[in-house]
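The values are calculated or read from the model by the stated rules, or taken from the named source; none is laboratory data. Values in this document were obtained by computation on a predicted structure and should not be read as measured data. With ideal geometry, Cβ positions are generated from the backbone for all residues, glycine too; neighbour counts draw on all protein chains shown.
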Amino acid sequence: MRELATRMDRLGTESAFEVLLRARALESTGRKVIHLELGEPDFDTPGHISDAAAQALREGHTHYVPSPGIPELREAVAEFLGRRGRLQTTADRVIVTPGAKPVMFYSILALCQEGDEVVYPDPGFPMYESITAFSGATPVPLPLREENQFRVDPDELAALVTDRTKLVILSSPHNPCGSALSKDDCEAVAEIAIRNDVVVLTDEVYWAIRYGGEHVSVLDVDGMAARTILLDGWSKTFAMTGWRLGFGVFPSWLTEPVTRLVINSVSCTSAFSQYAAIAALTGPWEPVERMVEEFAVRREVIVEGLNRIPGIRCVEPAGAFYAFPSVRDLGVGSKHLADQLLERAGVACLAGTAFGRAGEGYLRFSYANSVERIREALEAVEAVLPEIVAAS
Ligand SMILES: Cc1ncc(COP(=O)(O)O)c(C=O)c1O
């Protein structure tokens, strides 16, 4: 009776939530923990966005709404993407979802099955591999290498694409590496996608969090909009992780099947939240700029601090809010090291292996925490490293 469907064996998880649980358990015993494990901005949602939600509630927007999103929001997303120079599209291609994650789930479920292959970045957001395996398709890791600043190497991608490849997943700026694709990278990847007739899912939830340089995307390349799914949302750009608001922009032939998946799973995204989402897209941009400026300061502190610690080496991230240092020279496995840093230093971070096999030898520190806490964490890590190394 209690036997699960075999497909559940293929469904993974996201260890950030497990580490958070362990960190909270430690805190409940009176220990102090510095949280550098969480992938969410530590800023409040800007006031005008929360006000719009409150007003929508008072106005009675508390009922079911159309499954792909309210028309005003779909229009606002299309207008926003055009205004920001990211994509000229129309509202009928936009589907609003509870968070950006469902766009991955729906896209992969709609497209992929046994016999198909999905190429995804390794290290990468763990759900790419997990959902692909769940769909019955075969996940094919595309290694991102430190010596290439963790960017996709188009030659390696070309070597992995076969006639079974259905989907290539990109993430830029990248979680966990903080890397960002260049214009040349995007053009080379687009050429491979077009030549091999594959669909691309471009995860751009960190597009606004860049440290110099414009955001570029495979969508900038002519001909790509017809074969590319843009995954984005409000969680990171507007510090709205708890609101569960995301969107996908789909090639026209995918909007009906994806809408059907929305109908089958959640019916629609929270009605009043969608009015807040409009306020975010049409309102002032200064709160986003202030947040990114603050992340830039923290980035400097953490990258410099990590590079000062003997045995640790950290590439400067181009975007997102993660530092992904190499700890290979310490000779301690990533998972063991992350566990020990939590236990002995009270610093919660993630092992690189939480993001795929190619993450061995790395840790991920989220710098969505204050400069003061980041400095404390760096000191604590440096202080305990010798004893961790000696004990291993
Ligand atoms: C690369 C990437 N894509 C998607 C998501 C999911 O975003 P959301 O919280 O809007 O579902 C995350 C969240 O951490 C992420 O890091």
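Take PHE134 and tell me if it is within 16 Å of the chain's Cα centre (by Cα) and over 20 Å from ALA358 (Cβ atoms). When the stated conditions are applied, PHE134 does not pass them.
Of all residues in the range 88-115, those that are more than 25 Å from THR241 (Cβ to Cβ) and without any contact (Cβ under 8 Å) to a residue 24 or more places away in the chain have Cβ atoms under 6 Å from Cβ atoms of residues that are more than 16 Å from the ligand (Cβ to nearest atom) and not in a helix (DSSP H, G or I), 6 or more apart or on another chain, in GLU114/GLY136. Residue-level analysis places ALA78 among those that are surrounded by 18 or more Cβ atoms within 10 Å (Cβ to Cβ) and not in a loop (DSSP other than H, G, I, E, B). Can SER267 be described as away from the ligand (no atom under 16 Å from the Cβ), surrounded by fewer than 17 Cβ atoms within 10 Å (Cβ to Cβ) and within 19 Å of ASP203 (Cα to Cα)? Judged against the criteria, SER267 is not a match. When GLU316 is tested against (1) out of contact with any Gly (no Cβ under 6 Å at 6 or more places or on another chain); (2) crowded, with 16+ Cβ neighbours inside 10 Å; (3) not in a helix (DSSP H, G or I), only condition (2) is not met. With respect to the stated conditions, VAL65 fails to be crowded, with 16+ Cβ neighbours inside 10 Å and touching a Leu at 6+ places or on another chain (Cβ under 8 Å).
Hey, does the range 72-89 have a residue that's among the hydroxyl-bearing types (Ser, Thr, Tyr) and farther than 30 Å from ASP163 by Cα? So far as the range 72-89 goes, no, none of its residues is among the hydroxyl-bearing types (Ser, Thr, Tyr) and farther than 30 Å from ASP163 by Cα. Evaluate the range 50-71: report whether one residue or more is under 30 Å from ILE374 (Cα atoms), away from the ligand (no atom under 16 Å from the Cβ) and assigned to a helix (DSSP H, G or I). The answer is yes, given that some residue of the range 50-71 is under 30 Å from ILE374 (Cα atoms), away from the ligand (no atom under 16 Å from the Cβ) and assigned to a helix (DSSP H, G or I). In the range 82-106, the residue that is farthest from the ligand (Cβ to nearest atom) out of those that are in a helix (DSSP H, G or I) and surrounded by 21 or more Cβ atoms within 10 Å (Cβ to Cβ) is ARG93. Buried (at least 24 other Cβ atoms within 10 Å of the Cβ), in a helix (DSSP H, G or I) and touching a residue at least 60 places away in the same chain (Cβ under 8 Å): does that describe ALA377? For ALA377, the condition - buried (at least 24 other Cβ atoms within 10 Å of the Cβ), in a helix (DSSP H, G or I) and touching a residue at least 60 places away in the same chain (Cβ under 8 Å) - is met. Scanning the range 37-48 for residues that are of a type in the set (A, V, I, L, M, F, W, C), crowded, with 20+ Cβ neighbours inside 10 Å and modelled with pLDDT of 95 or more turns up nothing.
Being part of a loop (DSSP other than H, G, I, E, B) and either within 16 Å of the ligand (Cβ to nearest atom) or of a type outside the set (Phe, Trp, Tyr) (or both) is the filter here, so list the residues in the range 209-226 that pass it. Of everything in the range 209-226, those that are part of a loop (DSSP other than H, G, I, E, B) and either within 16 Å of the ligand (Cβ to nearest atom) or of a type outside the set (Phe, Trp, Tyr) (or both) turn out to be ILE209, GLY212, GLY213, GLU214, HIS215, VAL216, SER217, VAL221, ASP222, GLY223, MET224. Scanning the range 1-44 for residues that are in contact with a strand residue (DSSP E or B) (Cβ under 9 Å, 6 or more places away or on another chain) and either in a loop (DSSP other than H, G, I, E, B) or away from the ligand (no atom under 14 Å from the Cβ) (or both) yields ARG22, ALA23, LEU26, VAL33, ILE34, HIS35, LEU36, GLU37, LEU38, GLY39, GLU40, ASP42.
VAL140 - would you say it is away from the ligand (no atom under 16 Å from the Cβ) and β-branched (Val, Ile, Thr)? So VAL140 fits the description; yes.
Among the residues of the range 238-263, the ones that are within 16 Å of the ligand (Cβ to nearest atom), of a type in the set (Phe, Trp, Tyr) and either touching a Pro at 6+ places or on another chain (Cβ under 7 Å) or assigned to a helix (DSSP H, G or I) (or both) come to 2 in all.
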